[in-house]
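Nothing in this text is a laboratory measurement; each read-out follows from the coordinates by a stated rule. From a predicted model like this one, the values you see are computed outputs, not experimental measurements. Here Cβ is always computed from backbone atoms with ideal geometry, including for glycine, and neighbour counts include all displayed protein chains.
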Protein chains: 4
Amino acid sequence: MKKIITDKVSRKEREKLARRSEILKAARRIFAEKGLHETTLDDIAVKAELAKGTIYGYFENKDDLFFSVLEEAIGNLENVVQKTCQSDLPPQEKMLNLVKTMLSLFEKNEDLMQLMTRNQPGQLMHKMQEKMQNHFKNLIKSVSGVLQEGIRQGLFGKIDTEKAAAAFFNLIHGNAMSSFWNKRKIYNKEDLEFMANFYLHGISVYDEKEKK
Amino acid sequence: MKKIITDKVSRKEREKLARRSEILKAARRIFAEKGLHETTLDDIAVKAELAKGTIYGYFENKDDLFFSVLEEAIGNLENVVQKTCQSDLPPQEKMLNLVKTMLSLFEKNEDLMQLMTRNQPGQLMHKMQEKMQNHFKNLIKSVSGVLQEGIRQGLFGKIDTEKAAAAFFNLIHGNAMSSFWNKRKIYNKEDLEFMANFYLHGISVYDEKEKK
Amino acid sequence: MKKIITDKVSRKEREKLARRSEILKAARRIFAEKGLHETTLDDIAVKAELAKGTIYGYFENKDDLFFSVLEEAIGNLENVVQKTCQSDLPPQEKMLNLVKTMLSLFEKNEDLMQLMTRNQPGQLMHKMQEKMQNHFKNLIKSVSGVLQEGIRQGLFGKIDTEKAAAAFFNLIHGNAMSSFWNKRKIYNKEDLEFMANFYLHGISVYDEKEKK
Amino acid sequence: MKKIITDKVSRKEREKLARRSEILKAARRIFAEKGLHETTLDDIAVKAELAKGTIYGYFENKDDLFFSVLEEAIGNLENVVQKTCQSDLPPQEKMLNLVKTMLSLFEKNEDLMQLMTRNQPGQLMHKMQEKMQNHFKNLIKSVSGVLQEGIRQGLFGKIDTEKAAAAFFNLIHGNAMSSFWNKRKIYNKEDLEFMANFYLHGISVYDEKEKK
DNA sequence: AATGAATGAGTCTTCATTCAT
DNA sequence: GATGAATGAAGACTCATTCAT
């Protein structure tokens, strides 16, 4: 008897979570496409095949929904980046894998990348700023760790790893956005090679033979 | 007699331009702070110390005003970048100067930099996209030219100069934004050195003695 | 079970239609009194005891509401006229009844008559013109039919029935408007007799005995 | 010396009147085309080739201008009608001439006729109502006189001449409007004949031979 | 819990009117 | 007297949020 009740409750909970997730998915698509302000709750309700009022059972208000979308999105990125950084590969491989992983993620989820660009600031952002900054700090810390590892191994120069990690994200994201606007594939060999090479050696002459 | 008339006319014209400029200035401040959608024409009118209706004598509507602000802003950047690129210095110095100039411009006009982040999307941007893309192409062409010059002189590696130019802007702008959010000075020695070094040599070990 | 659902649905639908109808009624009153341009949606909302925004759930915009009012109004007139024209009476009686019916309708719905005067012009009318012209054509066709019947029976002269039908409406409507402005009763014996007589015989001497 | 001053003054006055007249002319065109509310003072100023502010030197405000236009227009009609009614012709000829004169006037001044239809009522009209009603009364009195003359001469039946006069205007104006909307010529033989015949004999059978 | 109709505050935009030049 | 830039009141329309069913 108890079990049944538990089941029922947990089914309810599961359903609740599933619906929440559907809303988030729909919202993310539309927020990415139109930005926060040009998206209406009607748009989202239609996409999620729900009544507008229902959304308020799962999120406090439009801003809350938007932030939840943002947070989920950046959480995904965080997971992917962390997993790559914690692998057992040498630092250089890790960096290369990071480029690959991120471009691939952006390619599969163009909306995620757009969402990150349309970081609508203003009043809104302020409320959320702390949370988002923490997420970004986590991302930077992960990459920063890989860079420090490389420096310890004498592979990378003694640079400011936080700045370098931030630069890393700027590069990848900027490149992906540019591909997106120009309607090129986001994940492509040329860009991969350019970025890996540029990130390692900058624009200066680089003699392949020096490497070993 | 004629002169007086001419004077009058030109004074009127000057006043007209001045007023337009005042509106643009006020608008730029507020658009930068709040973004397009959270800015109301009332905000701008108050800031410009004008009646709301007056703005419509100078701009067709809110969008037109916003685009004019954007265009003026990016025009400024274009001028500064072009001037630096056309100087008589060696390519490496030019690149260093570009970093300095841009950071300095961003420091003096934080709003400009914020404005550039807010790639306002959706329907709106589309109308303007062509124009804005042209501006960006010009920026990239200028920097690209410097890079090609450096390659011809054997200073830089044979990289894709357009990608590298785009990466350049992503780096500088990203760095400046990050300083801004963390309330650090945008123009500072450490960042300058980091960026110059990173852009030239990436993160790899770089032995100063190899240089010559 | 099904029945309940059906009932609910149909109740909702009925309520929806009822509300729409309330709005139309309120709008018609005010449009008639003030004309399209001097009527504000606030006026209508207040009259209909609804929030302004609610109106937009039933009509696309102010113009749509106005046209809907016009159409409903002329539709009423069309029905009344058609019914009278299709009765089994001799043509002369039909014409007399038409005068009576129309004056009576105008008396009960002064707003309807006023509405018809305000041939709102310009851009606006053009959108609707075709629809309205069709309605007017229908009206004229109905009356025209009665006149043709009368001509076939040798009761009326061989006049252009379309012109005569149009003249009929001009007369009745003009007479009603004039009563309205002069604050006389719209439906009154003298006017009825005058119109019936005038329409049949014009202003010329008419010897009652000639009739038979 | 005095004469010169007088001349100057009267020249000024003449110029003033001329300008006033130009404004009226421009205003009448645009009011007729767009109606009161869709016409802006800018429209009129452009048409009159004057600055907007200048209009306020000649008319108190937009409403005053509109009423002046209306009054001038109906004054023209009044003159034409009066002149025709005071001629030395027999009543039937006078009536025929009235039809001709009015149609011809409407044809030459379509705006006048439109203006009369777009008698925007509402608040506005109320202010003016008395004046306009007087004008209409004058028109009706003139025609009424002709009808009475005809009755005295045994030409017309003993009808209510005021009603018959009003009916006359409704007929002519309605007919002209209908030609206008259907893009037919306003002054044309068929309509003339129809109206003259209809007004005299209504729709009943009329044996031409009875006439004499 | 889901629904979606109702709400009304908030914004852009227009335009009659004023007034300094 | 003419000008036309500035003004700000007024109005249409949108949409996040609430709430009765």
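Is the shape of chain A rounded, prolate or oblate, going by the alpha carbon gyration tensor and its root eigenvalues a ≥ b ≥ c, with a/c under 1.5 for rounded and a/b larger than b/c for prolate?
prolate
What distance in nm separates the simple spin-label points at A:Glu78 and A:Lys185, each placed 7 Å from Cα in the Cβ direction?
Taking the simple label geometry, A:Glu78 and A:Lys185 are separated by 3.2 nm.
List, shortest first and in nm to one decimal, how far the label point of C:Gln153 (7 Å from Cα along Cα→Cβ) is from its counterparts in the other copies.
3.6, 10.8, 11.0
What do you get for GluC sites (Glu not before Pro) in segment A:1-90 restricted to DSSP loop and a cutoff of at most 14 other Cβ within 10 Å of the site's Cβ?
On the way: sites: A:Glu13, A:Glu15, A:Glu22, A:Glu33, A:Glu38, A:Glu49, A:Glu60, A:Glu71, A:Glu72, A:Glu78; in loops: A:Glu49, A:Glu60.
Taking segment A:1-90 and a limit of 14 other Cβ atoms within 10 Å, the loop GluC sites (Glu not before Pro) found are A:Glu49, A:Glu60.
Provide an ascending nm list, one decimal, of label-point separations from C:Ala18 to the equivalent residue in each further copy; define each label point as 7 Å from Cα along Cα→Cβ.
In ascending order, 3.9, 6.6, 6.9 nm.
What distance in nm separates the two pseudo spin-label positions at B:Lys25 and C:Asp63, each 7 Å out from Cα along the beta-carbon direction?
For the pair B:Lys25/C:Asp63, the computed spacing is 4.2 nm.
Rounded, prolate or oblate: which one fits the protein assembly as shown, using the alpha carbon gyration tensor with axes a ≥ b ≥ c (rounded when a/c is under 1.5, else prolate when a/b beats b/c, else oblate)? Before the final figure, lay out the partial values.
Details: a/c = 3.84, a/b = 2.13, b/c = 1.81.
Taking the square roots of the gyration eigenvalues as a ≥ b ≥ c, the protein assembly as shown is prolate.
Which residue is it, in chain A, that holds its beta carbon closest to the axis of the A-onto-D rotation, and how many whole angstrom away?
A:Glu38, 16
Take the residue pairs D:Lys94/D:Lys141; D:Lys137/D:Lys163; A:Lys183/B:Lys137; D:Lys100/D:Lys185; B:Lys100/B:Lys189; C:Lys108/C:Lys163 and return only those whose Cα atoms are more than 18 Å apart. Don't skip to the answer; put the middle values down first.
Values: D:Lys94/D:Lys141 14 Å; D:Lys137/D:Lys163 11 Å; A:Lys183/B:Lys137 16 Å; D:Lys100/D:Lys185 13 Å; B:Lys100/B:Lys189 10 Å; C:Lys108/C:Lys163 28 Å.
Beyond 18 Å between Cα atoms: C:Lys108/C:Lys163.
Relative contact order, percent, of chain D when contacts are C-alpha pairs under 8 Å separated by at least 6 residues? Mind dumping the intermediate values first?
On the way: 147 pairs, mean separation 43.6, N = 212.
Averaging sequence separation for qualifying contacts and normalising by length gives 21 percent for chain D.
Expressed as a whole number of Å, what is the distance separating the alpha-carbon centroids of segment B:31-68 and segment C:18-93?
Each part reduced to its Cα centre gives a spacing of 39 Å.
Inter-copy label distances at B:Met128, 7 Å along the Cα→beta-carbon direction, one decimal in nm, shortest first?
Nearest first, the other copies' label points are 2.2, 3.9, 4.5 nm away.
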